[in-house]
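The values are calculated or read from the model by the stated rules, or taken from the named source; none is laboratory data. Since the structure is predicted, the reported quantities are computational estimates derived from the model, not experimental observations. For neighbour counting, all protein chains shown are included, and Cβ atoms are generated from backbone atoms with ideal geometry for every residue, glycine included.
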Amino acid sequence: MKTYDFKVLEPAVLDFWKAKQTYQKLVQRNRDGKKFYYLDGPPYTTGKIHIGHAWGKALRDMLLRYKRMNGFNVWDRPGFDMHGLPIEVSVEKELGIRDKHEIVNKFGLQKFIEACEKYALDNLWPMIEDFRRLGVWLNWDDPYMTIKSEYIEGAWWALAEAEKKGLLNIGKKAMTWCPRCATALAKHELEYANRKDESIFVKLKVENKPNEYLIVWTTTPWTIPYNMAVMVHPAFNYVRCQVDNEVWVIAEALAQAVIGTVAKKEFTVIETLKGEALKGTKYAHPFKDEIAFHQTNRESNAYTVVLSEKYVTTDAGSGLVHCAPGCGPEDFEVGKAHNITAFNETDEHGCFPESMGELKGLVAKQDDAKFIELLDARGALLGKSKINHEYAHCWRCKTPVIFRATDQWFLAVEQLRDQMAKNNEKLTWVPDWAGSRQFDSWLKSLQDWCISRQRFWGIPLPIWLCGCGKRKVIGTQKELESLTNKKLDNLHRPWIDAVRIPCPCGKAMQRVPDVLDVWLDSGVAPWATLKYPSHEQPFMDLGFPDVILEGKDQVRGWFNSLTCMAMVSFGRIPFRAVYMHGFINDAQGRKMSKSLKNFITPYEIIDVFGADTLRFYQIGGAQPGLDLNFNHEDAKTKHRNLVVLWNLHNLLQDLAAELKRDPSKLDPIVMRSLFSVEERFLFSKVASTQKLVTRLFDELRLNEVPSHVEDLFLTVSRSYVQMVRDKMAVGEDSEREVVLFALYHAVTESLRLLAPIAPFIAEQMWQNLRKEFKLEEESVHLALWPKANEKDIDESLERQMTQADAVMQAILAAREKAKLSVRWPIKKVAVITQGRDAIRSIEEIADIIKTQTNVKELHAHHELPEVKLSLAPNQGPIGKDFGKGRLKVLSYIEHLAKSNPADALVALAKEGIIVAQWEGEEFKLNKDHLIINREVPKHLIEMPFRGGFVYLDTTRTPELDAEGFAREIMRRTQQLRKDAGLKKSDTIALYVQTGEELAKQLDQWVSKIAEKCGANPAKIGSLDPVRKHEHQAEETIKGKQIRFFLDKVN
């Protein structure tokens, strides 16, 4: 395969791996190697993979391929999250089920569970095929599935450990609740989105004070029926204001904003008092006549003003905070402290029941407008205003959440958070701030974890209760079967619901009907994926994962659940290192969504550029923790660069065929003895790249790896091959063999380095070279990771060549400006730079620069007398930075301009600043303070480079032009040979017809043209050819008509 065609290549490589069992051979080879435990973060089996999956899996696969090439025995069992609301919501949509009552009462729980299992399994295998297509190597034959009994036991065991340690509790708490899914939601299951809601100011009538009202504010009108108290800050100033014939109590700082702006009323302050003075003030509930609970409740602190320094501010609202302990965690906390009931009778779908009087049938949040109307009808509505705010939504169905106070099961992780934060300090985080700031902050604000969910498709809580008060937490299937003397085939609902455990009291214990928060499923993965506790040895051998890798949303997700579950079970954080990547946005930085029509799938890139390009681009596309703005043009560039390497491997094969030599058989000692500076540079570049890339992998700086591997093979193509092109074409056999030897080394080592990043193209090139040169390893992925030869590394030479490249690029840019292609020689170039080392370095490699840029003379200097420098002050920055002292600065610059501006510019170039002593003061100038003008003679073209300037002399001579024409003739003759279908080894007879004057100028170049073009004979003249030739062409070069005639010589 001479041309890179990923559409053919990648499927063929997949077939090759399958036929040769390459992955299996690698696993077998490394079975006695050092163990490396990678824990795969399980995606939900809810459909095809998305572009974010592709990014994450490519990063993981690259790391694991690197580890395997280093001989590690890698534990690489992939995983899939197959429980929870993500699956249930999808199945409900498929079946047309509206709510959970229909599941039980119409469809049937068993049928629903079976449908969920089928859905999860049906989506698993297509996802595996998608990951395979990306070239991801994991143990796909044995993925861990959270629905299997062996995995469920891992969660049960962890809860049994929590029970032993007193960390598993039941309690009533105001929880965020999804009314559509009818279940409690934990903090990490909330997604926040901006909403425009109606906020209201409500008047609560003070008892025993006619026409006096407490003014409270809320953004959730549906919670007013559940109001139980009003909070004020004890130290804030409050005012009693006369408003028409009423008295309103409000925070002094907010009186004008609320009364004047919202209510649009005039008011007079009749008293100012501290919040402390309002403590115990009683008021009448606006819905007391409708709600029986408020009529009978006799709690002493209910319907009174209570004090709170923590939850009262004057940032917004009225400074008096509506407190509904059944409708929010902060209110719940205050209510608990004051022995106030967490009243909330909203059902699981957010509906108000019959006990709520005329509010019966209203739906929390959904019917906010109706609640406002009812308050207005009671004269309790002061005013309303629209507010834009972030509001919590269910992470799966996107419904706005409400609050309910219900009995739930909790893991008491708050008491562990200090130890978690301390343990977190010992971990390796990439980027560091993900751990030291983001995860540390999350851990320090951690709340007890509500783990119970009022749903069906999940790991059942292994908690059995008896009416006598006893409870039993089951740790394993074996334990449960022993207690019941029954064989259990399925640990899911509804089968597990029927299991009863005998209680010592003589009654039967019944299981709590809830299932676990699905995040707990993945949280036990470190041991559950190893089938612990039913199989102890794998966990004993491997311990906890060496590394995990996920996106930044997992700080509050998987990183959190892993940490909580391991701390509860083992008292430690269950991973040693984390690599965290960001999200993928579109090229403009917008979140991808179908509504914006900017959503892309992995296959949209794979089908256009190939999986290797997708991997190559994504892996190096963004810094750790930061988002990747996906740009198709950037992906296209990566594709083109892969083609460069493909062409290099073709060049290697062609050169070997031409020389009839196998580079792997060339004597390294002999070859090295013949090295020129170009080969020494190349071998240094290979070794230093191997060393650097190895370090980057070991430090988990994964995103930096692709650019350095890419830089290596681009340097081979753009620097080394260009430097040796003449030697490769017409050099002595020994010289050409050295080039072959060097190319072979650079290309094969590049393939080893590239293999973890772009496994398909690396494999195919390896196979092509293996066929030609009998490479030992059957696959590049069975090759060992290269170890850098430290003796080859010459950092000084690499710096020189880097500098040479910068100078060459500047010369080529100057050529372009002068409209002189590189085939036309330049008389001379001056390189102006600062520092003796820089000048010496350029002089040492001047021959390479001259050869590559076709320059006859090149010298480096500190300055060029022909270029006149002048300085002027840049008034704007000087005025801004020096203010009143600017006059002295201006005076100094005037002096500098008249004396020796070159010396000042040398200092500016070397240090970045000019330190000036002038008229008794010291100040520092930078490049922004100066306007630097250069008067460049017309025959010179100036071009900057990093470290200085190059000046290209455009003066032409007949000798220079003759060489230019000769080079153009060589190029066009080679093109005519190619068009004629001739091989490189074919000899031709060549005649070039041009004007008489030009023919004479070119006379001295005939032998060189013959050598370069494989011509024997070759002739240049002004007369018409004496015979007809098989191939001919006519060109206009610099205004000269030139005709080419050639034949193949038999």
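What the table below lists for this structure:
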| read-out | value |
| --- | --- |
| Candidate set from region 749-772 (those that are touching a residue at least 24 places away in the same chain (Cβ under 8 Å) and either among the charged types (D, E, K, R) or not assigned by TED's automatic domain parsing to the domain that holds Val709 (or both)); member that is farthest from His639 (Cα to Cα) | Glu772 |
| Yes/no for Arg511 being over 26 Å from Asp76 (Cα atoms) and within 44 Å of the chain's Cα centre (by Cα) | yes |
| Single residue of Glu153, Glu163, Glu94 found to be closer than 20 Å to Ser522 by Cβ, acidic (Asp, Glu) and touching a residue at least 12 places away in the same chain (Cβ under 8 Å) | Glu153 |
| Selection status of Trp442, at pLDDT 85 or above, in a helix (DSSP H, G or I) and either over 30 Å from Ile200 (Cβ atoms) or outside the structural domain of Ile259 (by TED's automatic domain parsing) (or both) | yes |
| Check on Val721, under 29 Å from Tyr38 (Cβ atoms) and surrounded by 19 or more Cβ atoms within 10 Å (Cβ to Cβ) | no |
| Selection count, region 339-365, where residues are touching a strand residue (DSSP E or B) at 6+ places or on another chain (Cβ under 8 Å) and either surrounded by fewer than 20 Cβ atoms within 10 Å (Cβ to Cβ) or under 30 Å from Thr261 (Cα atoms) (or both) | 8 |
| Qualifying helices (runs of 4 or more DSSP H) (wholly inside region 791-910; at least 1 residues being acidic (Asp, Glu) and touching a helix residue (DSSP H, G or I) at 6+ places or on another chain (Cβ under 9 Å)) | 795-818, 836-844, 846-853, 875-882 |
| Selection status of Lys938, among the basic types (Lys, Arg), modelled with pLDDT of 85 or more, in a loop (DSSP other than H, G, I, E, B) and at negative phi | yes |
| Out of Gly71, Gly41, sole residue that is surrounded by 20 or more Cβ atoms within 10 Å (Cβ to Cβ), out of contact with any Pro (no Cβ under 9 Å at 6 or more places or on another chain) and among the small types (Gly, Ala, Ser) | Gly41 |
| First in region 777-794 and within 20 Å of Lys25 (Cβ to Cβ), second anywhere and assigned to a loop (DSSP other than H, G, I, E, B) and among the aliphatic types (A, V, I, L, M), Cβ under 6 Å, 6 or more apart | Glu777/Ala783; Val780/Ala755; His781/Ala755 |
| Residues being part of a loop (DSSP other than H, G, I, E, B) and of a type outside the set (S, T, N, Q) - total across region 551-607 | 20 |
| Helices (runs of 4 or more DSSP H) (entirely within region 680-784) containing at least 3 residues that are within 28 Å of Ile606 (Cβ to Cβ) | 705-715, 733-754, 759-773 |
| Answer residue from region 129-150, given it is aliphatic (A, V, I, L, M) and under 20 Å from Asp521 (Cα atoms) and is surrounded by the fewest Cβ atoms within 10 Å (Cβ to Cβ) among those | Met145 |
| Number of the condition not met by Ala907 [criteria: (1) farther than 28 Å from Thr851 by Cα; (2) at pLDDT 85 or above; (3) not polar (S, T, N, Q)] | (2) |
| Pro78 of a type outside the set (A, V, I, L, M) and either touching a His at 6+ places or on another chain (Cβ under 6 Å) or modelled with pLDDT of 95 or more (or both) | yes |
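Results for (1) under 24 Å from Tyr192 (Cβ atoms); (2) in contact (Cβ under 8 Å) with a residue 24 or more places away in the chain; (3) crowded, with 21+ Cβ neighbours inside 10 Å, shown as yes or no for each residue.
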{"position": "Lys386", "(1), (2), (3)": "yes, yes, no"}
{"position": "Glu425", "(1), (2), (3)": "no, no, no"}
{"position": "Asp440", "(1), (2), (3)": "yes, no, no"}
{"position": "Gln447", "(1), (2), (3)": "yes, yes, no"}
{"position": "Gln454", "(1), (2), (3)": "yes, yes, no"}
{"position": "Gly467", "(1), (2), (3)": "no, yes, no"}
{"position": "Glu479", "(1), (2), (3)": "no, no, no"}
{"position": "Leu483", "(1), (2), (3)": "no, no, no"}
